[in-house]
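The values are calculated or read from the model by the stated rules, or taken from the named source; none is laboratory data. Given the structure is predicted, the values throughout are model-derived calculations rather than measurements. For neighbour counting, all protein chains shown are included, and Cβ atoms are generated from backbone atoms with ideal geometry for every residue, glycine included. Just the protein is used for accessible areas: all its heavy atoms, side chains included, with ligands, DNA and RNA removed. Shrake-Rupley method; radii C 1.70, N 1.55, O 1.52, S 1.80 Å.
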Amino acid sequence: MNLLIKNGRIVDPVNHVDQVADLLIADGKVRQIAQEIPVTPDAEAIDATGQWVVPGLIDVHTHLREPGFEYKETIRTGTMAAAAGGFTTICCMPNTKPVNDSQAVTEFILRKAATEGMVNVLPVGAITKGCQGEEITEMGDLREAGCIAVSDDGRPVMNSAVMRRAMEYASMFHLPVISHCEDTNLAEEGVMNEGRVSTELGLRGIPNASEDVMAARDIELAALTNAHLHIAHVSTQGSVELIRRAKEEGIRVTAETCPHYLVLTDEAVTGYNTNTKIKPPLRTLKDVEAVRKGLREGVIDVIATDHAPHAQVEKEMEFDSAPFGITGLETAVAIALQLVDEGVLTVNEMVLKMSGKPAKLLNIDRGHLSVGAVADITVIDPRATWVVDPPQLKSRGKNTPFEGWKMKGRVTHTIVGGKVVYKG
Amino acid sequence: MELKRKDLLDIKGLDREEIELILDTAESFKEVTGREIKKVPTLRGKTVVNLFFEPSTRTRTSFEIAAKRLSADVINFSVSGSSVSKGETLLDTARNIEAMRADFIIIRHPASGAPHILARNLRSSVINAGDGLHEHPTQALLDMFTIRERKGKIEGLTVAIIGDIAHSRVARSNIYGLTRMGARVRVAGPPALIPAEVETLGVSVFYDMEEALSGADVIMVLRIQLERQGKNYFPTLREFARLYCLTQERAGHAKGDAMIMHPGPVNRGIEISPEVADGLSSVILEQVTNGVAVRMAVLYLLSGSGEI
Amino acid sequence: MSEKVIMDQLGIGRALSRISHEIIERNKGTEGLVLVGIRTCGIHLARRISEKIREIEKSEVPVGILDITLYRDDLLTKKGHPAVRKTDIPFDLAGTVVVLVDDVLYTGRTIRAAMDELMDFGRPAMIQLAVLIDRGHRELPIRADYVGKGVPTSKTAVIKVLLSEEGMEDRVILRED
Ligand SMILES: [Zn+2]
Ligand SMILES: [Zn+2]
């Protein structure tokens, strides 16, 4: 069955397309884009009047938790959440149990994703065995098995010499090295941003420097090794500036930030809501503004979710004991649209940072709607309003800091390889 | 005027009228504690649960005496932080206690914000008896009571708080309370023990103790946790004491009638010298006495707040 | 709604004089006698009675102050607590004859609370009760030994005793719906 998306605003920044048109999908590929494509009996029509038809969104930073933490999330529920959030491709981080540091685990994930997954899953392999920061993994094997990048996300590689060797080795396989920038000694026992709010709440603080110091180190190592460094979840003014300078100097660095660093500050922690406990922590307004500016100016290349689901009982704990992380796949589009509304990004920039740019940094042929391209497509109703109600999230993790927020903009169709996997 | 709240979680959320109400009421209760028969029937039939996740004989006993003098039944639960390791969360523990029909839960917990979890989820009145590094509201109330009793007022006084401000819930509660009541508050200690951006709470920061003490009406010395040593907040207790121990000579920089306070227990010779701790200007024992009256006032006022 | 003055300044003065005489007569003098006023109006009335007794007998009858808030039986059923103020009994109660003084006797619950509190302060030989107004509707087996004026009232009526010590003109007002 072919699919005919009628009358939507097709936004395909990679091809510089932004027009109201019809889009025909046949055999899982984009077949034709034209003003009036007639409805034929062999095509199912989707009326996209007033909606945006964009390349399927790509999340370079997701935690699917399986294997090992199925009570938090599974490949099934995580990809359902991805589909509901408009993501057609997601990259899953290796900090599972066991850690994805071997072909066996990578193959397990890909097998599960093929049978139970709703969207494309691209595994990220570990930089070091067990994410312990000591011995680098067999990245050749990982690449062959299907890993598209390496990362020890959840923690940094504290030892600079190990990071250097990892970068050198990864570049041989053209694997981007995704760095979770955190000096754990500086972060100490911190549970939130260090500043006025942490002082008021009596919570131990994590200074901006804990991120900035590592961003600076990794940039220097990228310059030394000529590896592709991708800096995850940028949250500080300092690291935005470091990345800006690195790019000016031609160092191979890309960066992502997440929706929550664009709309929340550490004030959100007031009241000890554990669904605001994340790493890096929510920062101050000054940082939010710098990150927004960095995103607008292209210093930050992509918006990623860092979707980090946890079980309710874990988040019902005292703030100090609750785990770090929040869910994000299903709220990302609405928050990104808020930025469009506020004039931080244009529609094209937003779409580019959630599809074309991530595809480019992962070296995959996705993120555009060229004729003949795989039909991974997201249809968004930019005017639909809804309220975030955690029990209704498809993800097993209900740990969203946006509970009760009135959102504008919702995914109506998520299409993977020409098949509708989610209908809002 | 009444206290329109179910719980006492912090001083930050109290306005000046509420603080004054508590202090005025405590004055009446201090009269009760001076009677031959120190017990009144006010909270007969009510149950007060002391839920302590950190050992603190002083505070627990003070609340226990306060509750008993109001004729409430008191149950002490001491949880050595191990209930979590048994798989029971704080919320489980609290729900169990509520099922026993506790009217008040007095909680001391090593995690900041733990009392807020209870307050959000339980119908019982929750009183924070110290949470992590956050607040210890009844301690600040008894400190303010003691200052007001001695000095006749709080407004306009200069109060110097000395020592480990960063890890002190007593300091935070006092900073909120004293500034709200119109006192000028100074904090002094080594940089690592001064919390980030503390000036935004309306205090001035000093690293030099004598400067901080100069012209002060009240000196509040904090207890230094001996475990802080070896974590590079300061090199050694010896050097800490050399720089920040309140000696007779240093106290001389404050006003002649300055009063000296300490929330206890005192490390004599580390944060305060024995002569000063036991000297004439010291009100450390009065603080303990006043603690009972203040806690009676809090229990009384919260019991009138509705639900229970 | 109707409001009328049921006792004026003169009437209050006369009633207190009579009560003072009755107290002296009933107790054959002032030996061992103490007055305890119940906050707030009872304190003023007790002081006035003490003054009158001094004029009549030339002897000093000490006055104590009782704040019965903490002994009330309705505290835990009502929302919002009354302010607690100090009780001040600056003498030993053992063996004394205590005359409790209050403005209005109604259900008797205040007097029950006052007696409980007094007992916690010591063991008087006897407790007597003096009130300016007795408006009936007792809920406890309590009666006054000295009454300024008995006033039959409906349960919805309000009686207000206003005294110069509180900055008002002395009078008793009955308000009925
Ligand atoms: Zn991370
Ligand atoms: Zn992550």
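The one condition from (1) surrounded by fewer than 17 Cβ atoms within 10 Å (Cβ to Cβ); (2) touching a strand residue (DSSP E or B) at 6+ places or on another chain (Cβ under 9 Å) that B:V298 does not meet is (1). Out of segment A:60-88, which residues are buried (at least 22 other Cβ atoms within 10 Å of the Cβ) and either of a type in the set (S, T, Y) or in the same structural domain as A:P13 (by TED's automatic domain parsing) (or both)? A:T62, A:T77, A:T79, A:T88, listed by residue number. Only one entry of A:A104, A:A113 meets the criterion of being in the same structural domain as A:A215 (by TED's automatic domain parsing), under 15 Å from A:E66 (Cα atoms), away from ligand 2 (no atom under 16 Å from the Cβ) and open to solvent by 40 Å² or more (accessible area, probe 1.4 Å), and that entry is A:A104.
Out of everything in segment A:208-239 that is more than 12 Å from ligand 1 (Cβ to nearest atom) and part of a loop (DSSP other than H, G, I, E, B), what residue ends up being farthest from A:C181 (Cα to Cα)? Among them, the one singled out is A:N226. If I ask for residues that are within 22 Å of C:D145 (Cβ to Cβ) and in a strand (DSSP E or B), which ones from segment C:75-102 would you list? C:V97, C:V98, C:V99, C:L100, C:V101, C:D102 - these are the residues of segment C:75-102 that are within 22 Å of C:D145 (Cβ to Cβ) and in a strand (DSSP E or B). Can you tell me which residues in segment A:151-187 are of a type in the set (V, I, T), within 13 Å of ligand 1 (Cβ to nearest atom) and open to solvent by 10 Å² or more (accessible area, probe 1.4 Å)? Once the filter is applied, which keeps residues that are of a type in the set (V, I, T), within 13 Å of ligand 1 (Cβ to nearest atom) and open to solvent by 10 Å² or more (accessible area, probe 1.4 Å), segment A:151-187 yields only A:T184. Restricting attention to segment A:98-118, does a residue exist that is of a type in the set (A, V, I, L, M), within 16 Å of ligand 1 (Cβ to nearest atom) and over 24 Å from A:N185 (Cβ atoms)? Among the residues of segment A:98-118, not one is of a type in the set (A, V, I, L, M), within 16 Å of ligand 1 (Cβ to nearest atom) and over 24 Å from A:N185 (Cβ atoms), which makes the answer no. Here B:P235 meets the list (1) free of Cβ contacts under 8 Å to residues at least 24 places away in the same chain; (2) more than 27 Å from B:I22 (Cβ to Cβ); (3) within 23 Å of the chain's Cα centre (by Cα) almost entirely, failing just condition (3). Take the conditions (1) in contact (Cβ under 8 Å) with a residue 60 or more places away in the chain; (2) within 28 Å of A:L329 (Cα to Cα); A:G125 misses just one of them, which is (1). Of all residues in segment A:209-216, none are in contact (Cβ under 8 Å) with a residue 60 or more places away in the chain, more than 16 Å from ligand 2 (Cβ to nearest atom), within 14 Å of chain B (Cβ to nearest Cβ) and open to solvent by 10 Å² or more (accessible area, probe 1.4 Å).
Filtering segment A:289-323 to residues that are free of Cβ contacts under 8 Å to residues at least 60 places away in the same chain, surrounded by 20 or more Cβ atoms within 10 Å (Cβ to Cβ), more than 16 Å from ligand 1 (Cβ to nearest atom) and outside any loop (DSSP other than H, G, I, E, B) leaves A:A290, A:R292, A:L295. Considering only segment A:255-276, state which residues are under 20 Å from A:E241 (Cα atoms), touching a residue at least 60 places away in the same chain (Cβ under 8 Å) and within 16 Å of ligand 2 (Cβ to nearest atom). Those that are under 20 Å from A:E241 (Cα atoms), touching a residue at least 60 places away in the same chain (Cβ under 8 Å) and within 16 Å of ligand 2 (Cβ to nearest atom): A:E256, A:C258, A:P259, A:H260.
Is there any pair with a first residue in segment C:83-112 that is more than 14 Å from chain B (Cβ to nearest Cβ) and under 30 Å from C:H137 (Cβ atoms) and a second that is of a type in the set (D, E) and part of a loop (DSSP other than H, G, I, E, B) whose Cβ atoms are under 9 Å apart and which are 6 or more apart or on different chains, and what are they? Here the result reads C:V97/C:E31; C:V99/C:D145; C:Y106/C:E139; C:T107/C:E139; C:G108/C:E139, each pair linking segment C:83-112 to a residue that is of a type in the set (D, E) and part of a loop (DSSP other than H, G, I, E, B).
Does B:E36 satisfy the criteria of being in contact with a Gly (Cβ under 8 Å, 6 or more places away or on another chain), of a type in the set (D, E, K, R) and surrounded by fewer than 17 Cβ atoms within 10 Å (Cβ to Cβ)? Here the answer is yes, as B:E36 does meet what is asked. Of the candidates A:K279, A:K286, the single residue that is within 16 Å of ligand 2 (Cβ to nearest atom) and either in contact (Cβ under 8 Å) with a residue 40 or more places away in the chain or buried (at least 24 other Cβ atoms within 10 Å of the Cβ) (or both) is A:K279.
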